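Enquirer: First, the structure itself, so that you have it in front of you.
The values are calculated or read from the model by the stated rules, or taken from the named source; none is laboratory data. Predicted, not measured: the structure shown is a model, and the values here were computed from it. Cβ sites come from the backbone with ideal geometry, for glycine too, and all protein chains shown count toward neighbours. Accessible surface is based on the protein model in full, side chains and every heavy atom, while ligands, DNA and RNA are left aside. Shrake-Rupley method; radii C 1.70, N 1.55, O 1.52, S 1.80 Å.
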Amino acid sequence: DSRTVYGKTEIKNPDDVANLVKSRLRDKKKEHFLAVLIDTRSRLIKVVEISIGSLDSSIVHPREAFKDAIAASAASIIFVHNHPSGVADPSEDDIKITKRLAEAGENLGIEVLDHVIIGGDKDPVSLKRLGLF
């Protein structure tokens with residue numbers, strides 16, 4: 001997005017995240033798992049692609065998920081991925097990996113603020129808002 005200014009764009013909620021990456025994920029036929037890296041002032045550092053999965057799943061290892069966050073000295077991170085089916089409801093695997101990533105982040109000192117799922121033109125789903133981690 002041309003309005004995205006790294007170091008100046010504030011990330012305050014799941015909608016900010018969705019607006020940031022929605023066009024990048026909208027028509028993908030496979031799951032794309034991204035990390036939104038955030039500094040201590042809640043400003044965007046950068047968005048990195050962690051993995052590309054199959055039609056309905058994405059393999060995400062904590063080591064890969066935090067590699068760029070560590071290198072960029074990110075204070076926090078928000079994970080985001082798409083559901084090519086268009087249905088943004090979280091799967092059991094989505095919930096499990098989010099809990100695993102949140103635990104890894106805690107150990108690394110990088111707070112996992114949320115995991116947002118983008119599905120079609122529907123509203124994004126925030127696992128944090130749903131109380132799932």
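Enquirer: Residues in the range 63-92 that are among the aliphatic types (A, V, I, L, M), part of a helix (DSSP H, G or I) and either surrounded by 19 or more Cβ atoms within 10 Å (Cβ to Cβ) or under 15 Å from the mean Cα position of the chain (by Cα) (or both): how many?
Expert: 2
Enquirer: Hey, another quick one. How many of the residues making up the range 23-50 are of a type in the set (S, T, N, Q) and not in a loop (DSSP other than H, G, I, E, B)?
Expert: 1
Enquirer: Can you tell me which of (1) farther than 17 Å from Lys22 by Cβ; (2) touching a helix residue (DSSP H, G or I) at 6+ places or on another chain (Cβ under 7 Å) is the one Lys67 doesn't meet?
Expert: (2)
Enquirer: Out of all the residues in the range 117-133, which are touching a Leu at 6+ places or on another chain (Cβ under 6 Å) and assigned to a strand (DSSP E or B)?
Expert: Ile118
Enquirer: Moving on. Let me spell it out: the conditions are (1) more than 18 Å from Lys99 (Cβ to Cβ); (2) part of a loop (DSSP other than H, G, I, E, B); (3) open to solvent by less than 70 Å² (accessible area, probe 1.4 Å), and Val60 meets all of them except one. Which number is the exception?
Expert: (1)
Enquirer: Of all residues in the range 68-96, which are of a type outside the set (Lys, Arg), free of Cβ contacts under 8 Å to residues at least 40 places away in the same chain and over 17 Å from Pro124 (Cβ atoms)?
Expert: Matches in the range 68-96: Asp68, Ala71, Ala72, Ser73, Ala74, Ala75, Ser76, Glu92, Asp93.
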